[in-house]
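Data block below; observations after.
Nothing in this text is a laboratory measurement; each read-out follows from the coordinates by a stated rule. Everything quoted here is computed from the prediction, not taken from an experiment. Note that each Cβ is placed from the backbone with ideal geometry, even for glycine, and that neighbours are counted across all protein chains shown.
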Amino acid sequence: MNGKRKKLNGFSLGEVLLSISVLTVGVLPVMAAMTKGFQSSLESRDVIVASGLAQEGTELVKNAKDNNVLAGNASLSVWLPSSGSTWNDCRIDPADQVLSPGHRISCGLGESSFKLSIQSLNFLGHGGAGAASKFFRKILLDYGGSGNERVTCISAVYWGSYTPSGIVDAKANCKVGNKCVYAESVLTPWGT
């Protein structure tokens, strides 16, 4: 050897740290955007599912009204509120296929009765042995007219900490920001 040192080529520790920091600064915003997009997608899915469940609630009440007529009863008489109230808190279970009146909708039950769960045949029902979902549904029936003239049906579906406490509250506060959606329908009597 004539005293010359062989020079090794490579990266210094400073260069490695600098390149890692540049990569980190570039990758973090991309990861944050992907996470935000995924979270937004999940929230949108919840709103779509809840909207379908809310619409289903109003359709089931219409079906129950029609079943009352087929059973020979006044179409709106089954769910009249007791003790002079003008509205009822109700639940309706699509898994209950009994045609007779009163079996398709139940009013005045406790709050725990409104949680939706997946029953057999993939129906969403209340309670039972099915797997619990995160969605709750309340059917709010407003008997604004005298007697059996008309009933306003609000089907509210919620999945957060907000719980609608009545018709006025649901119309004012049942919003996507509160993790709540509702569908509204006006029922009028027909038949006997």
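With each pseudo-label sitting 7 Å past Cα toward Cβ, what's the residue 184-residue 4 distance in nm, one decimal?
About 9.0 nm separates the two model spin labels.
Sort 62-68, 31-37, 7-13 for me by packing, meaning the mean count of neighbouring Cβ atoms within 10 Å per residue, highest on top.
Highest mean packing first, the order is 62-68, 31-37, 7-13.
Taking R0 as 41 Å, what's the FRET efficiency between residue 63 and residue 32 from their Cβ-Cβ distance, rounded to 0.05? If you can, show how the numbers build up before the last one.
Values: r = 47 Å, r/R0 = 1.13.
Efficiency, rounded to the nearest 0.05: 0.30.
Which order, highest average first, do 151-162, 169-180 follow once you tally other Cβ atoms within 10 Å for each residue and take the mean per peptide? Write out the running numbers ahead of the final one.
On the way: 151-162: 20.8, 169-180: 15.8.
Put in order of decreasing packing, that is 151-162, 169-180.
State the extension gain, in nm to one decimal, for the chain segment bounded by residue 20 and residue 40, taking 0.36 nm per residue of separation less the distance between their alpha-carbons. If you can, show how the numbers build up before the last one.
Values: separation 20, 0.36 × 20 = 7.20 nm, distance 2.98 nm.
Stretched fully, the residue 20-residue 40 segment lengthens by 4.2 nm.
Kindly flag which residue pairs out of 138/171; 62/171; 62/179; 36/179; 65/175 have an alpha-carbon separation exceeding 23 Å in this structure.
Pairs exceeding the cut-off: 62/179; 65/175.
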